[in-house]
1. Given a Förster distance of 41 angstrom, what is the FRET efficiency for Asp260 paired with Lys16, based on the Cβ-Cβ distance and rounded to 0.05?
2. Please state the equivalent ellipsoid semi-axes for the range 102-144: what are the square roots of 5 times the Cα gyration tensor eigenvalues, largest first, in whole Å?
3. Using θ = phi - 60° and the Karplus form 6.51 cos²θ - 1.76 cosθ + 1.60, what ³J(HN,Hα) does each residue of the range 269-275 get, whole Hz, x for Gly and Pro?
4. What relative contact order, as a whole-number percentage, does the range 154-266 give when Cα pairs under 8 Å and 6 or more residues apart are counted?
5. When the label point is put 7 Å from the Cα of Arg233 along its Cα-to-beta-carbon vector, which residues of the range 172-201 have a backbone N closer than 15 Å?
6. Can you compute the FRET efficiency between Ser65 and Asn177 using 1/(1 + (r/R0)^6), with r the Cβ-Cβ distance and R0 = 35 Å? Round to the nearest 0.05.
7. Please give the length that would be gained between Lys293 and Ala359 if that part of the chain were fully extended, namely 0.36 nm times their separation in residues minus their C-alpha to C-alpha distance (nm, one decimal).
8. Tally Lys/Arg at +1 and Asp/Glu at -1 over every other residue whose Cβ is under 9 Å from the Cβ of Ile113; what's the total?
Amino acid sequence: MEDLDPSKEDSPRVLKVLKALKQASHELQTHPSHKSHECNSTAIKALLELENESDTILSKDPNLSALSQHLTDLKTLVESLQKSRGHSLRSFLSRRVSTHSISRIAGSIESEIQAWIDRESVEKLTQTLEDPLRDEGKLVAMLIQFEDRVSQGFNRELQDLVLKSKLFSLLESVLSNPNCSKRIREHSAFGIAALIQFNKDVFVGQVLMGPTVRVLIAMASTQSIEVLCSLIRSIKSPLVDEIESNGEIPKIISFLNWQDLQMRVLGMDCVLEIGYFGRKEAIEAMLKEDLIKKLVELQRSELGGDLIDLGRHSEKENREASAGGFVGRRESEGLRQRERRALKPEIVKRVREASISDAEAATIVAEVLWGSSP
């Protein structure tokens, strides 16, 4: 990415000016009126004052030349609007056209400013990720800012910046580096998850082909498993297939045995997501790890009720988190109906083996056979 001009020492001042400009432009669009020169006087004043500074600030950066021109055009339009104060039809139409043009230019100003901020932010984040002497606090703040930005929704120019800077690969590299702090690695993982939401079509392939999922499971922190659950919900069956083929399911099942309650909650989340999106091979891999026995024991225990309540929120979700509900729910995406029917006898057998009474077995088996969904 080409260096920005003005110098780096000027960047904070430029950024402060541009953020004020962006806010003024947004206000001008939010409250358009044929009396814009009056009801938006603060916004207009801020924009025009900055137009006067364009020679000393904006014109130094070639990336801001379009913004400088927009400000000049805005000044011309505002002057025209202020002159057309008569009551004739011609004056009325002139004001309407000018007001529309001002709102349109304000939108262009806001877009140009956001594009500059994005370029600056992505460049600084890329440089900081590559710097072995980076300041942890500053990097975490940049990662949080980046996550917030991409979470605002798709933007073509921002995506181009991310791709050209190879930012996804840098985030994945930091996540995979055990020499980086846990805090930085976790925030890098959140950045990856945000990019998947930003544009699945572009970034899912990089997750499936890279080490992200294996690293998240190996980290085994509440933050990393939270990201893993998010990725499973976003990518669905293809990611579950990858988890199963890499032999990672036993590690996920083991989270149900952890002493840390939050890890057990997140382990339950992952199990349910895999059960929902997983194909036959993934379900069979979980059964081999005595999942049904673990779920029956959790359902029976006092802690199990607390665990399910912490992880689920609705009555329906609570039923699905039970041993019978895991397979009994009808709307699972990963299994075909005939595959679900074929698995049920094995599930019933395992439920009966894990139950301590006929009554307990009968209750759970009913959910397996008839489903827990209303």
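Nothing in this text is a laboratory measurement; each read-out follows from the coordinates by a stated rule. Given the structure is predicted, the values throughout are model-derived calculations rather than measurements. Glycine gets a Cβ as well: all are built from the backbone with ideal geometry, and neighbour counts include every protein chain shown.
1. Values: r = 43 Å, r/R0 = 1.06.
So the FRET efficiency works out to roughly 0.40.
2. Working: eigenvalues 190, 17, 5 Å².
Semi-axes, largest first: 31, 9, 5 Å.
3. So the J values, rounded to whole Hz, are 4, 5, 4, 5, 5, 5, x.
4. Numbers: 87 pairs, mean separation 23.4, N = 113.
Across the range 154-266, relative contact order equals 21 percent.
5. Answer for this model: 190, 193-198.
6. 0.35
7. So the chain would gain 22.1 nm between Lys293 and Ala359.
8. 0
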